[in-house]
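Everything below concerns the one structure shown next.
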Amino acid sequence: MYTHHSLLLTPGPTPVPNKIQHAMNLPMVGHRSSDFEAIAKLAFSGLKRVFGASHDVIILTSSGTSALEASMRNLINPDDHIVVIVSGAFGARFQQIAEAYSHHLHVFNVEWGESFNTEDVLTFIQSIDHPITAVFTQYCETSTSVLHPVAELGHSLKQFNPDIYYIVDGVSCIGAVDVDMERDQIDVLVAGSQKAMMLPPGLAFVAYNDRARTRFSQTNSPSFYLNLSKHLSSLEASTTPYTPNVPAFRGVVQYSQMIKEEGFQHVVKRHNVIRDALRKALKSLSLDLLVNDDAASPTVTAFVPKDHDELVYIKEQLAKTFNITIAGGQGKLKGHILRVGHMGFISPNDLLPFVSSLEMILSTYRNENYIGKGTKAFLEGIYHEL
Ligand SMILES: Cc1ncc(COP(=O)(O)O)c(C=O)c1O
């Protein structure tokens with residue numbers, strides 16, 4: 001091992017800044033107190049900016065999947081027909097949730113590694129011989145590192161039928177993308193704390209528009225902990241229906257403050273600059289990228305080593321020799337790709353040790369000199385964007 005510092009480059013959980021850790025370490029307060037109400041009020045409203053939401057955002061003390069499930073339970077009646085776009089492991093998660101509740105499910109499959117084609121989704125919906133109540137999709141499909149054109153689909157869907165609910169899972173990109181629920185025609189947008197929002201795992205977020213809010217109180221699918229109307233009533237009183245993760249709420253307040261200080265447009269740009277420079281660096285090391293440039297997520301990048309042995313060697317050497325953790329593939333991409341996360345509390349230079357370590361690892365493994373190639377491409381990528 002050559003480094004004392006570990007570098008966590010998985011697509012979540014991601015590093016948590018000291019400022020957030022300190023905020024979370026402040027003395028505990030009771031959750032039925034005016035102290036907590038003040039924290040909760042700031043937390044709910046502070047999230048509006050990153051979600052592009054016009055209402056305060058619901059915070060659940062549970063992981064991202066709970067927000068996926070909540071969005072389905074609270075918008076869909078048992079006899080409704082829904083479309084789920086499956087382009088990777090997390091689309092499959094939406095599918096599993098729907099199957100667990102025996103919803104009338106129509107799956108639109110997308111090749112893993114590609115983004116959906118809006119016209120094809122529309123054609124699929126038109127071919128279903130039953131009105132569709134809702135469409136569910138990922139924004140960033142973390143398992144493939146694709147960023148879907150969610151705004152384009154939002155417009156097309158609402159033009160086709162303004163009554164359709166459009167639900168977007170932004171777990172792995174909210175906090176890094178320029179989203180506006182009204183502009184992009186999204187009814188419900190969900191996320192989790194442990195990714196681009198640079199908080200520890202364990203909170204889930206649900207942003208909603210007026211239509212969705214009304215619908216929450218009209219559907220009759222059973223739910224208890226995840227009953228969003230209950231969460232909304234509490235939110236209006238600056239509290240939560242059940243015991244919240246009080247320290248993490250403090251973390252959310254600190255996060256919103258940090259985003260405000262940096263400026264959200266700058267946060268978005270920072271992620272885009274890192275993505276583009278990293279893609280150049282990986283290409284310069286003769287590593288294939290799973291996803292085309294026009295569908296590449298600003299938060300995670302999947303690359304394809306030459307073969308399985310090289311893949312294992314890269315991942316192991318990064319961990320053992322350089323103390324750098326990246327992620328492997330999921331589902332049918334397991335053993336075929338590696339994924340490097342670059343979201344949240346990350347600046348361009350933070351990726352340099354990863355790129356330089358890859359140069360050394362590949363030079364040894366392929367017996368070819370890559371020294372300086374990846375870092376040059378990476379630095380040129382960021383230098384021009386400073
Ligand atoms: C796009 C997406 N959706 C949902 C989830 C599930 O979130 P959690 O593991 O916090 O339940 C993840 C987690 O990686 C994700 O990336």
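The values are calculated or read from the model by the stated rules, or taken from the named source; none is laboratory data. Here the structure is a predicted model, which means the values were calculated and not measured. Virtual Cβ from ideal backbone geometry, glycine too; neighbours counted across all protein chains shown. Keep in mind that these areas ignore ligands, DNA and RNA; they rest on the heavy atoms of the full protein, side chains included. Shrake-Rupley method; radii C 1.70, N 1.55, O 1.52, S 1.80 Å.
Worth a mention:
- Shown here is the pair-distance distribution of the stretch 17-57: with all Cα-Cα distances grouped in 5 Å bins from zero up to the longest one, the shares run 6, 20, 19, 24, 19, 11, 1 percent.
- Only helical runs count toward this figure. For the chain, summing -39,500 (n - 2.57) over DSSP H runs of n ≥ 4 and dividing by all residues gives -13000 deg cm²/dmol at 222 nm.
- Segment H384-Q126, length gained on full extension (0.36 nm per residue, minus Cα span): 88.3 nm
- Separation of the stretch 237-286 from the stretch 323-365 is 19 Å, based on Cα centroids.
- Percent accessible area from carbon and sulfur atoms, the stretch 79-216, protein chains only, probe 1.4 Å: 43
- In the full protein context, the chain carries 41 Å² of accessible surface per residue, based on a 1.4 Å probe and ignoring ligands, DNA and RNA.
- The orientation-averaged shadow of the Cα convex hull for the chain, equal to a quarter of the hull surface, comes to 18.7 nm².
- Hits among lysines - C-alpha to C-alpha of K332 under 24 Å, sequence gap 8 or more where chains match: K195, K283, K306, K315
- Rounded if a/c under 1.5, otherwise prolate or oblate - the stretch 1-123, Cα gyration tensor axes: oblate
- Span from the the stretch 156-234 Cα centroid across to the the stretch 51-105 one, whole angstrom: 9
- Cross-link check: pairs K269/K320; K48/K269; K280/K320; K48/K230 evaluated at a Cα-Cα cut-off of 22 Å; pairs beyond the cut-off: K269/K320; K280/K320.
- As a calculated quantity, the FRET efficiency between E262 and L8 at R0 = 25 Å, using C-beta atoms, amounts to about 0.75.
- Rg ratio (alpha-carbon, reference 2.2 N^0.38 Å) - the stretch 101-185: 1.08
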